[in-house]
Each structure stands twice: as C-alpha cells, then as structure tokens.
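Notes follow once the structure below has been shown.
Derivation of every value follows stated rules applied to the coordinates shown; laboratory data play no part. Please read these numbers as outputs of a predicted model, since none were measured by experiment. Every residue, glycine as well, gets a Cβ built from its backbone with ideal geometry; the counts of neighbours run over all protein chains shown.
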Amino acid sequence: MKKKNEGDDNGGIGEGRVMLSAFLSVLCFLLVGSTIAVACIRASALRESFASLALVAPDRNPPDFDGGDLFTVPILELQTKVNGAGSSSYEPARAVSAEEERPIGRNDSIAIKSPHRKRTVTKTKKIEEGLARARHVIRKAASTWKQSAPTISGGIYRNPRAFHRSYMEMERRFKVFVYEEGELPVVHDGPCKNIYASEGRFIGEMEHGRNHGFRTKDPYSAHVYFMPFSVTWMVKYLYKPLTYDVSPLQQFVSDYVRVISTRHPFWNRTQGADHFMLSCHDWGPLASKGNANVYNTSIRVLCNANSSEGFNPQKDVSLPEIHLYTGNISPKLLQPNAAAPRPLLAFFAGGLHGPIRPILLRHWQNRSDDGDHPIRVYEYLPDHLDYYTLMLQSRFCLCPSGHEVASPRVVEAIYAECIPVILSASYVLPFSDVLNWDAFSLQVEVSEIPRLKEILMAVSPYEYLRLKEGVRAVRKHFVFNEPAQRYDVFHMILHSVWLRRLNLITE
C-alpha cells in the first residue's frame with residue numbers, strides 16, 4: 001500500500017512536468033513569432049527609407065558623360081586620379097591609396113542590417129558618394145550650357161552654369177579640417193598687411209571665421225585637411241638673413257608632416273593628396289620641398305604659380321597676390337569714378353626685378369614721342385606723382401613679373417578698373433580653372449614688348465568697353481571681406497581647392 005501511494009505521487013509530478021513543458025513551448029513559439037514580426041517590420045521600414053532616398057538622390061554610378069572642358073586646367077576628366085609632378089627631381093609619390101585598415105570607432109561608421117545582406121558604410125565612403133553626386137550634377141550643368149547657351153561663352157566664366165553648380169555644391173558639402181598642431185607665430189597665424197597679405201588673411205579666416213561654415217571639428221567628416229603654417233613667418237622667425245639657406249623652412253615642413261602623420265591617420269590614407277598648404281611668399285614652393293609628398297602630391301596654394309618650376313595646375317592652386325599696405329584696400333580704389341577721364345594709354349612703376357622688367361623699361365621708359373596716347377613707365381616714381389592716381393588715369397595697367405611670376409599689380413589694376421596687361425612667362429593665372437581671363441585682361445608675350453603700343457592701340461573701343469565691363473564683374477572675386485562673403489577671394493580660393501578634391505578619388 002505504501003508503494004502504491006508513492007507511485008501515485010510520482011505520477012502527479014510527471015503530469016505537472018508535462019504541462020509546464022507545454023506551457024514553455026507555447027511561450028517560446030510566441031516569442032519567436034513576435035521577434036520575426038518585429039524583424040519584418042524593421043526590414044520593411046529600411047526598404048521604404050532607401051526607396052525614398054533613391055527618389056531624391058542622383059545616380060550613384062552615373063553614366064559616362066563628356067561635358068567638355070568643365071574647368072580649364074585640371075578637369076578634362078573629373079574622375080582622373082591626381083599624379084605627382086613628373087618634372088620634379090623627387091621620386092613621384094603615390095597620390096592615392098586604399099584606406100588603411102584600422103579599428104572603426106563609435107562615431108566612425110554606420111551599421112545597417114537587412115534580411116539580404118549586412119554591410120558597414122564608413123564616413124569615407126559616404127564622402128566619396130557625395131562627391132560622385134557633385135561631379136554628376138556639375139557635368140550635367142556644363143552640358144546644359146554647352147547645348148543651350150553658347151552665346152554667353154564670352155563672359156568672365158569659362159562655363160557659367162558649371163561654375164554656379166560647382167559653387168552651390170561646395171557650399172552644400174565641402175568641409176575642411178584644420179590641424180591644431182603647431183604653435184604661434186609660425187602656425188595658426190600669418191601676415192595680414194603688405195605684399196603677402198593673402199597668406200595671413202586666408203589663415204585667419206580659416207582659423208577664426210564663423211560665417212562661412214566650411215570648417216569642421218570632425219576630421220572623419222572632412223574632404224580636405226589644412227596645414228595652417230605660414231611660410232612668411234617661417235622666413236621671419238627661422239631664416240637667417242643673407243644666408244639664402246632655406247633648409248630651416250624645409251625642416252619645419254618635414255617636422256610638421258611627421259607630427260600630423262604620427263598623431264592622425266589621415267595623411268597616410270592618401271600620402272597627403274587630400275591635404276593642402278597655402279603660401280604667398282616667393283619661397284613657398286621651396287619650403288614645400290621639405291616633404292616629397294607635399295611637393296608632389298598635396299594641394300599647394302601658391303602665389304608663385306610658375307609652371308616651369310614645379311607648379312602643377314592639375315593639383316596646385318594659383319593664389320592671387322594682393323598688396324594691402326594697411327590691411328585694407330586703398331580708399332582711392334574702393335569706388336573708382338567710371339566717368340573720370342583716362343588720358344594715359346598704359347602705366348607701370350616698379351623696380352628692375354627679374355628678367356622681364358628690364359626689357360619693358362629699356363623700350364618704354366622716358367618715352368617722349370607718345371603723342372595723344374602716352375605710355376608712362378618708371379623705375380622710380382617721382383615724388384610729385386601718386387601711384388594709384390596714375391592707375392586711375394590709365395586705360396591699361398602693365399603687370400610684368402618680377403623675381404617671381406606673380407605680381408600684385410594684377411589685382412590692383414582690377415581694383416582701379418584698369419585693364420591688366422599680363423607680361424609674364426609660365427604664370428598660371430589665379431582661378432583660371434573657372435575664370436576666362438581673356439574677358440577682362442590682355443596677355444602679351446614677352447617677345448612682343450617692343451610692339452606694346454601697337455598692340456594696345458589695336459584694341460577697338462567696343463573691345464575696350466567689353467574688357468572694362470569684365471573687370472568690374474570680376475572684381476568681387478579678388479576682394480577680401482571681414483567677415484568673408486560669398487564669391488569673394490576667400491571663397492574662390494576654397495572653390496579651387498574643392499575642384500582639386502573633386503578631381504581626386506580614393507580607392
């Protein structure tokens with residue numbers, strides 16, 4: 001009897017276990033079902049999100065399109081890769097490389113899960129996709145202009161629609177990371193007065209400007225990286241006068257690249273191809289030789305834009321030399337009187353620097369046989385004459401190169417609404433990737449200097465008025481504003497850098 005009672009108890013326990021097991025099975029089934037339902041809903045939401053994105057986004061892989069010469073110098077094909085300057089004595093550097101393997105941080109990637117595949121889209125890939133869209137819409141704009149409005153090709157822009165579209169894309173997308181390494185005064189500062197003012201004004205606006213919105217504190221979101229050292233201040237603080245030894249400048253550049261490439265991964269990803277420096281000093285190109293990749297691969301923004309001395313228009317940017325004696329434009333040049341007479345045919349005053357000015361002075365200094373159309377050329381301006389007044393009285397302003405190719409007289413002439421006459425060899429003119437210099441200047445070969453008056457007198461009244469209108473229209477692109485304003489020289493410099501970045505594809 002006792003055993004029977006024990007058996008009954010075991011039977012009750014067994015029945016309980018069966019019921020518990022059944023309950024757990026039902027619960028597991030419900031949980032699995034709800035999980036599958038949630039996953040399906042999330043996958044559907046993701047598909048809808050991608051579908052809505054596709055409605056507004058341009059083709060990720062747009063078809064090949066021949067838009068012609070979108071921008072004069074480097075942009076025959078927007079998707080070509082930047083190569084090092086082959087004429088340099090340096091061994092050509094690898095311009096573009098695959099992104100180095102490295103751990104992905106919390107803020108460095110976006111993970112997307114779907115029922116079909118799993119992938120990780122890095123910020124670098126998102127940047128490249130955005131640039132591909134920009135290339136596509138710029139090409140489309142260039143094509144529209146080529147096909148529908150050929151009559152406006154005589155304006156100050158080589159392709160107005162392409163420039164406008166590119167500028168809009170730059171304002172929408174372009175981000176610049178400014179390295180914080182380095183100490184004052186050689187880094188994060190520069191001259192804002194006198195002949196190298198372009199250097200300091202750009203560095204200052206990039207460091208402290210709050211209106212333009214191009215600077216980013218997130219280096220992983222940047223398109224380009226700015227090395228904010230000043231070659232002019234290097235010459236002032238590191239160079240020993242009269243030694244003509246530029247090795248301290250080159251050593252500084254070498255050390256700076258070593259520091260940023262050690263502390264950050266960005267230089268090593270492309271060997272500096274998406275990095276840029278800026279210098280208006282004549283020795284900017286020499287200083288850049290401190291690192292072979294800076295010289296051959298990086299974007300160098302230089303006033304000394306001499307194509308016969310290593311300046312590569314495909315990757316480098318020509319910086320306008322703007323002489324601001326007090327840090328601002330002379331009051332005489334702020335608003336030239338359009339109705340004022342201009343009795344002088346041409347004017348120049350300047351020292352005998354370089355190979356071109358002696359030729360100019362030999363043929364045209366102290367000429368007394370000019371009649372009603374005088375050309376005034378001086379080595380030293382007499383005390384009773386005023387430089388800017390003579391510019392304002394001249395129809396053409398002669399702009400010969402000095403020791404180096406750039407001349408501040410080009411921009412001074414534009415301010416004075418005096419047609420610039422470029423007398424130079426191998427000078428890549430500022431912003432010539434988008435500006436049509438033939439619409440607001442004359443370029444005369446050095447060999448033609450003896451015929452200078454004949455050439456200038458051959459300009460018809462209609463042609464002269466066209467050139468003068470071009471000078472007035474282009475002026476805004478050569479003015480520094482504080483704070484920076486749309487389309488001014490600060491924005492034009494950035495736009496030239498933006499074009500070089502468009503021309504670069506990381507693998």
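Quick look at the numbers
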{"read-out": "Residues Arg269, Arg158 arranged by fewest to most Cβ contacts within 10 Å", "value": "Arg269, Arg158"}
{"read-out": "In nm, spacing of pseudo-spin labels at Asn481 and Glu180 (7 Å Cα→C-beta vector)", "value": "3.0 nm"}
{"read-out": "Mean Cα-pair separation over length for segment 331-478, i.e. relative contact order, pairs under 8 Å, 6 or more apart, %", "value": "23 percent"}
{"read-out": "Cα-only Debye scattering, segment 252-322: base-10 log of I(q)/I(0) at q = 0.15 Å⁻¹", "value": "-0.45"}
{"read-out": "Cα-derived Rg over Rh, computed across segment 281-437 with Rh taken as Kirkwood radius", "value": "1.01"}
{"read-out": "Unit charges on C-beta of K, R, D, E only; dipole of segment 249-337, Debye", "value": "220 debye"}
{"read-out": "Tail weight of P(r) past 25 Å, computed on alpha-carbon pairs of segment 172-325, percent", "value": "23 percent"}
{"read-out": "Asn268 paired with Val137, simple spin-label distance in nm, labels 7 Å along Cα-to-beta-carbon", "value": "3.6 nm"}
{"read-out": "Potential lengthening between Val446 and Gln365 on full extension [0.36 nm per residue; Cα-Cα distance subtracted]", "value": "27.6 nm"}
{"read-out": "FRET efficiency, Val259 to Thr124 (Cβ-Cβ, R0 25 Å, nearest 0.05)", "value": "0.65"}
{"read-out": "Neighbour-count ranking [beta-carbon atoms within 10 angstrom, fewest first] of Leu352, Leu504", "value": "Leu352, Leu504"}
{"read-out": "Segment 395-507, Cα convex hull volume normalised per residue, Å³", "value": "130 Å³"}
{"read-out": "Cβ-derived FRET efficiency at R0 51 Å, Ser426 paired with His208, nearest 0.05", "value": "0.90"}
{"read-out": "Of Lys126/Lys175; Lys123/Lys175; Lys236/Lys315, pairs whose Cα-Cα distance is over 20 Å", "value": "Lys236/Lys315"}
{"read-out": "In nm, spacing of pseudo-spin labels at Ile455 and Ala339 (7 Å Cα→C-beta vector)", "value": "3.4 nm"}
{"read-out": "Sequence of Ser261, Ser298 once ranked by neighbouring C-beta atoms within 10 Å, starting from the fewest", "value": "Ser261, Ser298"}
